[in-house]
C-alpha cells in the first residue's frame, strides 16, 4: 500500500471503543429545541386551541394528542392510517385568539413553527428502488381567516426525510404579506384561526407540530396569554390546495 493510499484509508476510517471500523453509521435526526421564550412547546400537554379540520372532502381523519419524541413533547396528528391510500390532506387548525391578547392579535405579521412527519409503512420507494419506512418528501401549505371573513393563503413549505422513520424539523414560516391592506387579524375577531396542511404524502404516516411562535412586524415574538375558549371545526371553509373559497393569495418574496 502506498503512503498516499494509506492516508486515504485512514481518512475515511474511525476508531471507537468497540474497535476499528471504516465509515460512520448515520444518526437519525433529533427534534429541535425551542429557542424563543414565547414558543408554544406543548410541554404542558395543552392543545385545547387546536383541532383537526375534517370538513372538506379531502380532509384526513385522525386524532390529536401530545406525544414525546426523543424526550421532546409535540402535537401529534395520528392519522387513521389511510392518508397515502386515500390521497387525503392532514389539516390542523389553531385558534390564535385563544393564545394571544386582543391587542397582540392585531400585531401578528408572521407565524413560525417546526413540523415533522413519520412513516408507519414501507410504501416509500427510494432512489435505489427499495421500499423504505421513511416519510420521503414532506410539504404543504397553510392559510388563515382574516378581517372581512376572507381566507388568506400562506406560502407553501417543504422538506424531507428519506432514510429514517421520523423526520427532522421542517421549519415553516407563514407571513401576512398583505397586512397593510387589512389582510390580517383584528381585535374584534372571536376566532383568529390559521391552518397548516400537509399534502402529497409519499408514505402512510403521522404529522407533528412544535415550537409555534407569533411575531410582530419588527420581528419581536408576542407573549402567549391563553384563554379557555374552544376552537371550532368550521366545515364550511374549504382549505385544500386545489379548492378554496373566496380568498386572498399572497406569494412569498
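The values are calculated or read from the model by the stated rules, or taken from the named source; none is laboratory data. Just so we're clear, the structure is a prediction, and the values are computed from it rather than from any experiment. A quick note on method: Cβ atoms are made from the backbone with ideal geometry, for glycine too, and the neighbour counts reach across all protein chains shown.
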Check on residue 231, closer than 27 Å to residue 104 by Cβ, modelled with pLDDT of 95 or more and either within 19 Å of the chain's Cα centre (by Cα) or surrounded by 14 or more Cβ atoms within 10 Å (Cβ to Cβ) (or both): no
Among the residues of region 114-151, write down those that are more than 23 Å from residue 70 (Cα to Cα) and within 18 Å of the chain's Cα centre (by Cα). 140, 141, 142, 143, 144
Residue list for region 66-87, restricted to those being out of contact with any strand residue (DSSP E or B) (no Cβ under 6 Å at 6 or more places or on another chain) and either surrounded by fewer than 23 Cβ atoms within 10 Å (Cβ to Cβ) or on the phi > 0 side of the Ramachandran plot (or both): 68, 69, 70, 71, 72, 81, 82, 84, 85, 86, 87
Checking 50, 60, 34, 39 in turn, the sole residue that is under 22 Å from residue 172 (Cα atoms), touching a helix residue (DSSP H, G or I) at 6+ places or on another chain (Cβ under 6 Å) and surrounded by 13 or more Cβ atoms within 10 Å (Cβ to Cβ) turns out to be 60
Do we have residue 237 as outside any strand (DSSP E or B), at pLDDT below 95, closer than 23 Å to residue 60 by Cα and touching a helix residue (DSSP H, G or I) at 6+ places or on another chain (Cβ under 7 Å) here? no
Please determine whether any residue of region 44-52 is at positive phi, out of contact with any strand residue (DSSP E or B) (no Cβ under 8 Å at 6 or more places or on another chain) and either part of a strand (DSSP E or B) or at pLDDT 95 or above (or both). no
For region 66-75, does any single residue satisfy the condition of being modelled with pLDDT of 95 or more, farther than 27 Å from residue 221 by Cα and out of contact with any helix residue (DSSP H, G or I) (no Cβ under 9 Å at 6 or more places or on another chain)? no
Take the residues of region 202-224 that are within 14 Å of the chain's Cα centre (by Cα) and not in a strand (DSSP E or B): which is nearest to residue 135 (Cα to Cα)? 205
Pair list, Cβ under 7 Å, 6 or more apart: region 89-110 residue at positive phi, other residue surrounded by fewer than 23 Cβ atoms within 10 Å (Cβ to Cβ) and at pLDDT below 95: none
Of the residues in region 137-155 that are without any contact (Cβ under 8 Å) to a residue 60 or more places away in the chain and in a loop (DSSP other than H, G, I, E, B), the one that is surrounded by the most Cβ atoms within 10 Å (Cβ to Cβ) is 147
Qualifying positions in region 87-136 - within 21 Å of residue 178 (Cβ to Cβ) and part of a loop (DSSP other than H, G, I, E, B): 100, 106, 107, 108, 109
Mind listing just one residue for me: the one in region 5-43 that is at positive phi and in a loop (DSSP other than H, G, I, E, B) and, of those, modelled with the highest pLDDT? 42
For region 159-174, check the following and say yes or no: at least one residue is farther than 14 Å from residue 116 by Cβ, in contact (Cβ under 8 Å) with a residue 60 or more places away in the chain and in a loop (DSSP other than H, G, I, E, B). yes
Yes or no: residue 128 surrounded by fewer than 14 Cβ atoms within 10 Å (Cβ to Cβ), out of contact with any strand residue (DSSP E or B) (no Cβ under 8 Å at 6 or more places or on another chain) and in contact (Cβ under 8 Å) with a residue 24 or more places away in the chain? no
